[in-house]
Every structure is written in structure tokens, then in C-alpha cells.
Amino acid sequence: MIHEILSLKSEATKGRKFKEPASKWRTDFQRDRDRILHSSAFRRLMHKTQVFISHEGDLYRNRLTHSLEVSQIARTIAKNLNLNEDLTEALCLSHDLGHTPFGHAGQFSLNKSMKKVNPSSNGFEHNIQSLRVVDLLEKKYADFDGLNLCFETREGILKRCSKSVAKKFGDIAQRFVLGGQPSLEAQVTNIADEIAYNHHDLDDGLRAGLISWEEIILVPQISQQLQLIERSFPKLNDSRKQAEVIRRMINSQVEDLILSTLKRIKIAKINSQAEVRAHSLPLVGFSREMSVNVKSLKLFLHERLYKHPNVSEMNSVAKVVIEDLFYEMVMKSNSNNDLKELRSIADIIAAMTDRDAAILHNKWFPKKVCWPKPVGFV
Ligand code: MG
């Protein structure tokens with residue numbers, strides 16, 4: 001366990017933009033988590049693509065189930081590191097709120113279209129959009145826009161940001177201007193995100209039949225786990241074997257992460273939150289050996305799954321849909337490519353679910369695109 005001085009405390013929050021009376025029953029970070037959970041943007045994650053577009057099957061991960069898996073992994077890590085679990089959970093549940101329909105293909109297309117229409121627009125980036133959702137776009141309170149979250153939650157949501165954009169966000173983006181690390185709770189969220197998607201994409205890729213057992217045993221960590229399982233359970237069927245391999249891989253990565261982080265904090269003699277932030281590298285991380293394993297898993301997924309012709313075909317259609325919707329909305333708005341107007345068009349498109357976008361596209365451009373047939377439907 002690390003000293004609790006390194007964990008962010010609700011009582012010590014730098015506060016909310018609009019002052020509110022304290023709750024009798026919940027801490028500030030618990031309230032943030034609950035506000036995120038009750039937001040419309042959170043519910044929309046259910047119909048947004050992770051890797052497989054929703055019409056491909058009900059069992060594949062979407063952004064909502066992904067966010068829940070990230071949160072489960074991160075809470076285990078936070079608890080064992082003595083960090084603030086409520087803040088960590090709030091960061092996990094909100095980390096993908098700004099995603100467009102159709103995953104990264106949708107973001108790529110919206111970013112490119114925004115920059116093309118107005119090069120000074122800064123394009124579109126889902127992290128910045130997540131902050132925009134909680135700061136501005138959720139309309140649930142009588143006296144302010146957004147969810148009025150605590151400084152620490154908003155700061156943790158902003159995972160990436162260019163120096164020029166950071167200046168307009170003030171204190172919460174200070175680290176992108178001056179350099180430095182985010183809180184330990186934000187560092188845990190970032191790695192839990194990676195652990196979750198690497199493993200559930202592997203699981204979904206196998207289920208869809210886009211990658212095979214013959215291929216995946218090329219990844220050292222998978223073949224090691226498989227050997228152990230086959231030795232203990234020689235008659236296990238493929239589906240249980242798959243679940244067992246993935247479960248054990250997540251466990252071993254989480255365990256390695258907790259132990260390596262504790263070791264790193266001890267060796268670096270970190271005794272304050274200021275030292276966490278001033279450290280040259282993130283303190284939450286894997287051992288050197290596990291980093292090699294994680295890298296080889298990521299490389300495998302990149303080459304064999306994310307670049308798979310079926311995934312690429314779906315992404316190409318998604319890019320056309322987002323681009324068409326954007327240009328059509330720009331044309332209808334008569335905006336002269338005004339930045340404020342373009343940003344509100346991007347807000348509308350980013351808020352759409354996959355289905356909203358596909359239906360509107362079919363209305364405006366009937367039968368222009370042909371969605372590929374679903375991959376393995378299980
Ligand atoms: Mg994510």
C-alpha cells in the first residue's frame with residue numbers, strides 16, 4: 001500500500017466552477033461519479049462502436065460495456081494502491097463520453113472534415129469532447145450548463161491536449177503547458193483502459209472469427225497461459241479456454257501493475273502529490289517484462305484485428321457516413337464556416353449513436369452506402 005497522502009481526497013477538492021452546498025450523504029467525488037452515470041451521454045455509449053459496429057451482434061463490446069470493464073479493473077488497482085476509488089470510477093465512466101459514432105473511424109473523419117472546412121478549428125478530439133460534454137453539453141441543472149464536476153475529475157478527463165488548446169482550459173490543463181504527470185487516479189484510469197480494450201478486443205476478435213487460435217498463440221503471454229490451462233484442464237472446450245486465458249491474462253497484468261507501481265513509488269521516494277506530478281514519467285506502470293508482453297499483444301491486435309479487411313471495410317463506410325453528415329449540415333447551416341457554428345455541428349454529430357447516424361445518412365443520401373454483412377454472429 002502507498003501512503004494515503006498520495007491519494008486525492010474529496011475534502012481537499014479544488015472545488016466546482018459553480019458553488020453548491022455539500023451533500024449530507026455523499027462525498028464530492030461520489031457525486032461526480034453519480035452525475036456521470038445519470039448523464040444522457042453515458043447512456044448513449046450503449047449504442048456506440050468499440051471495434052465492432054452494433055449491427056454485427058449483441059455480444060460484442062460497445063463503449064458502455066467497455067467503460068464498465070475499465071472501471072472494474074481500475075477500482076481493483078486503486079483499492080490495492082490505497083488511491084481514491086470514487087474519483088477513479090468517475091474518471092473511468094466518463095473517459096469515453098466524447099466519442100463519435102463508429103469509434104475511431106468516426107473521430108478520424110470528423111476531425112479531418114472540420115480541419116478541411118476551417119483550418120483554424122483545431123479539428124475534433126474525443127478527449128477534449130468528453131470535457132466539453134461534462135462542462136457544457138449536458139443540460140440537466142436549473143442554474144448551470146454541464147455537470148459542474150470537481151476540478152480533479154475534469155482535470156483527469158483531459159487525457160490529451162495540445163499546448164495551444166490547453167491554454168484556453170486554464171488550470172485543469174496546466175500540465176500540458178508546463179509539463180508533468182496527472183494524478184495517480186488518472187494514471188490508473190489510463191492503464192486500466194488499455195488493459196480492458198486489449199483483452200476484450202482479443203475476446204471479441206476470436207468470437208467474430210477474425211482471428212484464430214493458431215494466430216493468437218504467437219503472442220507469448222497467450223501461449224504461456226494456454227499451456228498452463230491445457231496442462232490442468234486437458235479436455236476444456238475452446239469457449240471456456242478462451243475465457244480462462246483472457247481472465248488469467250487480465251489478472252496477471254493487474255497484479256504486475258500493482259506490484260510494479262508500489263516498487264516504483266518506493267524507489268523514487270515519492271512522498272507528496274507534488275512529487276507525483278513532477279516525476280519525469282508516470283509512476284503507474286508495468287514491470288519491464290510485462291511491458292514487453294503488453295507491447296506484443298497490442299502489436300498483434302493492431303496487425304491482425306484492427307487492420308483486418310472486415311474491420312477496415314466497416315470503417316471505410318463509417319468514414320463516408322460521418323463526412324457526408326458533416327458537409328450536409330454545414331451546407332444547410334449557411335454558416336460561412338464560422339467556428340462556433342462548426343463546433344456545434346461537431347457536437348451534434350459526436351452525440352449521435354451509430355444508429356442515429358446511419359438512419360439520418362440513409363434519409364439524406366438514400367442507399368448511397370452499403371453496410372458490409374455482419375461478421376461472425378454469436
Ligand atoms: Mg476507452
- Query: When the convex hull of the C-alpha atoms of the chain is computed, what volume per residue in Å³ does it have?
  - Reply: 151 Å³
- Can you tell me the order of 66-75, 120-129 when each peptide is scored by its average per-residue count of other Cβ atoms within 10 angstrom, highest first? 66-75, 120-129
- Scalar couplings 3J(HN,Hα) for segment 71-83 by Karplus 6.51 cos²θ - 1.76 cosθ + 1.60 (θ = phi - 60°), nearest whole Hz, x for Gly and Pro, are 5, 4, 5, 5, 5, 4, 5, 4, 4, 6, 9, 6, 9
- Task: Assign one of three labels to segment 258-378, namely rounded, prolate or oblate, based on the Cα gyration tensor with a ≥ b ≥ c the square roots of its eigenvalues; rounded applies when a/c is under 1.5, prolate when it is not and a/b is larger than b/c, and oblate otherwise.
- Result: oblate
- Query: Which whole-number value in Å³ per residue fits the convex hull of the alpha carbons of segment 1-117?
  - Reply: 157 Å³
- Message: Can you work out the Karplus-derived ³J(HN,Hα) for every residue in segment 145-156? Use 6.51 cos²θ - 1.76 cosθ + 1.60 with θ = phi - 60°, whole Hz, and x for glycine or proline.
- Response: 7, x, 9, 6, 7, 5, 3, 5, 6, 5, 5, x
- Note on the structure: Once both label points are put 7 Å beyond Cα along the C-beta direction, the K332-R240 separation in nm becomes 5.4 nm
- Radius of gyration, Dmax [segment 213-300; alpha carbons; angstrom]: 16.7, 53
- Item | Cα-based convex hull volume of segment 175-214 per residue, rounded to whole Å³ | 93 Å³
- Item | Furthest towards positive pole of dipole, I222, M249, L262, structure part the chain, Cβ charges | L262
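Just so you know, all these numbers are worked out from the coordinates, no wet-lab data involved. Quick caveat: nothing in here was measured; it's all calculated off a predicted structure. Cβ: placed from backbone, ideal geometry, glycine included. Neighbour counts: every protein chain shown.
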